[in-house]
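Data first, discussion second: the structure below is written as structure tokens.
The values are calculated or read from the model by the stated rules, or taken from the named source; none is laboratory data. Bear in mind that the values here come from a model prediction, so they are computed numbers and not experimental data. Here Cβ is always computed from backbone atoms with ideal geometry, including for glycine, and neighbour counts include all displayed protein chains.
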Amino acid sequence: MLELLATVSLLAAQPACAPPEGFAALLEMPKSYIAIGKAHGTTEAPAAFAQMVCAASEQGPVTVALELPVVMQPQLDAFLAAPDEASALAALEGTHFLNPRMNDGRSSVAMLAMLNTVRELRIAGRDVAFHAFQPTRSRPQGFSQAWYELDMGHALASAIHERPDAKVLAIVGNLHARKTAFARWPEVGVPAAGHLPSADVLTLRVSQQGGEEWNCQSECGVNVSRGVEDQGRFGVILEPDGDGAYDGRLALGPSTASPPIRPAP
């Protein structure tokens with residue numbers, strides 16, 4: 001009887017997941033990686049991604065791959081193991097994530113909320129882990145961005161080597177999530193996701209459906225979204241791009257800007 005009550009209590013404590021429409025079908029596909037390419041500095045993309053992690057963790061181990069410096073891995077591990085939000089935030093002190101100068105949208109309030117959601121999943125007993133994959137070594141002088149993308153792809157690939165039984169969900173800038181080179185910027189070469197075996201990776205680009213973002217365009221701050229597409233659509237749209245860059249899009253509606261945790265003066 002006690003064992004039954006404990007089981008019921010555990011089930012009752014499990015978080016309810018609300019992933020975007022159509023995401024469940026992606027989990028049925030034999031893909032090791034699901035990469036979400038987003039514009040930095042929005043509220044909606046990290047929030048939706050957190051719910052994707054929640055849904056995926058119901059089925060098995062999940063590695064959450066983050067566009068954060070690889071040297072932050074010990075601090076991210078400490079964040080994940082922290083018992084409460086205050087001690088979790090304290091674990092990130094002195095890192096890139098809390099540096100007011102790094103205010104391009106990757107260290108936003110929404111991203112911190114997403115990290116905390118993953119931490120709460122771990123507290124609830126889910127098998128989740130963080131994996132930082134932003135390269136920190138400088139590429140040789142005179143070498144193009146393509147070398148950075150190669151390093152990023154290698155760091156992203158290491159996630160599956162470290163936890164081969166886990167599904168890897170990555171959230172990253174939309175350029176790095178491309179599987180193919182971008183003709184507009186030839187110096188980028190093959191983006192990070194393109195260095196992974198294509199058959200094992202599913203990439204979605206977050207649709208730009210209007211609204212605002214916190215990023216560094218002409219200046220760092222709240223900027224209008226740079227395009228409008230997929231109006232009236234919502235959820236996972238499995239319609240591959242003509243150039244093979246993405247396997248589909250993720251429509252979340254108009255975006256709202258999410259500022260840095262510690263904005264620069």
Leading residue by the ranking (farthest from Ala113 (Cα to Cα)) among those in region 233-250 that are touching a residue at least 60 places away in the same chain (Cβ under 8 Å) and not in a loop (DSSP other than H, G, I, E, B): Ile237
Qualifying residues in region 88-101 (those that are surrounded by fewer than 18 Cβ atoms within 10 Å (Cβ to Cβ) and in contact (Cβ under 8 Å) with a residue 24 or more places away in the chain) - the one nearest to the chain's Cα centre (by Cα): Leu98
Lone unmet requirement of (1) within 30 Å of Pro83 (Cβ to Cβ); (2) free of Cβ contacts under 8 Å to residues at least 40 places away in the same chain; (3) assigned to a loop (DSSP other than H, G, I, E, B) for Pro140: (1)
Every residue from region 53-71 that is crowded, with 22+ Cβ neighbours inside 10 Å and part of a helix (DSSP H, G or I): Val53, Cys54, Ala56, Ser57
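So, Ala155, is that one outside any loop (DSSP other than H, G, I, E, B), of a type in the set (A, V, I, L, M) and touching a residue at least 60 places away in the same chain (Cβ under 8 Å) or not?
Against the criterion (outside any loop (DSSP other than H, G, I, E, B), of a type in the set (A, V, I, L, M) and touching a residue at least 60 places away in the same chain (Cβ under 8 Å)), Ala155 qualifies.
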The listed residue being acidic (Asp, Glu), closer than 24 Å to Gly22 by Cα and either at pLDDT 95 or above or part of a helix (DSSP H, G or I) (or both), out of Asp165, Asp230: Asp165
Criterion (of a type in the set (A, V, I, L, M, F, W, C), touching a Lys or Arg at 6+ places or on another chain (Cβ under 9 Å), at pLDDT below 95 and not in a strand (DSSP E or B)) met by exactly one of Ala183, Ala264, Ala193, Ala177: Ala264
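Table: residues versus (1) within 19 Å of the chain's Cα centre (by Cα); (2) among the hydrophobic types (A, V, I, L, M, F, W, C).
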site	(1), (2)
Gln217	no, no
Asn223	no, no
Gly227	no, no
Gly235	yes, no
Pro240	no, no
Tyr246	yes, no
Leu252	yes, yes
Ser255	yes, no
Ser258	yes, no
